[in-house]
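Each value in this text was obtained by applying a stated rule to the coordinates, not by laboratory testing. Nothing here was measured: the structure is a model prediction, and the numbers come from that model. No Cβ is skipped: glycine too gets one built from the backbone with ideal geometry, and neighbour counts run over all protein chains shown.
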Amino acid sequence: MSLTIYTKPGCFPCRKTIEKFQDAGLIPQIVDISTTPAAREYITGDPADGGLGYSQAPVVVYAKDGTEDHWSGLNPTKISHVIALATST
């Protein structure tokens with residue numbers, strides 16, 4: 001499973017999202033969009049051009065067994081879903 005969280009400094013929802021995954025034993029790749037312009041362009045870019053189209057952080061992108069999903073903001077329901085996917089055998 002791949003799990004990437006795009007964050008920005010001082011972002012409470014970003015910190016809580018990371019903590020929820022870490023508390024479940026998952027170690028996400030964390031990308032600071034304030035220091036990585038290409039990442040910021042990717043998450044805010046037009047979906048028609050390969051971007052994700054989001055305007056708020058965090059942006060979570062995960063992939064497992066050919067399935068990929070993403071969302072923005074603190075979303076406990078989606079976080080729980082990804083944790084369940086990651087820990088299922």
With x for Gly and Pro, the residue-by-residue ³J(HN,Hα) of the range 35-49, computed from phi through the Karplus equation 6.51 cos²θ - 1.76 cosθ + 1.60 at θ = phi - 60° and given in whole Hz, is 10, 10, x, 5, 5, 4, 5, 4, 6, 9, x, 5, x, 5, 9
Counting only DSSP beta bridges fully inside the chain, the antiparallel percentage to nearest 5 is 75 percent
Relative contact order as a percentage, the range 2-87, C-alpha pairs under 8 Å and 6+ apart, gives 33 percent
Computed about the Cα centre, the charge dipole of the chain from +1 Lys/Arg and -1 Asp/Glu charges at the Cβ has a magnitude in debye, to the nearest 20, of 320 debye
Across all Cα atoms of the range 24-64, Rg and the largest Cα-Cα distance (Dmax), in Å, are 11.3, 35
Binned at 5 Å from zero, the C-alpha pair distances of the chain give percents of 3, 15, 27, 26, 18, 9, 3, 0
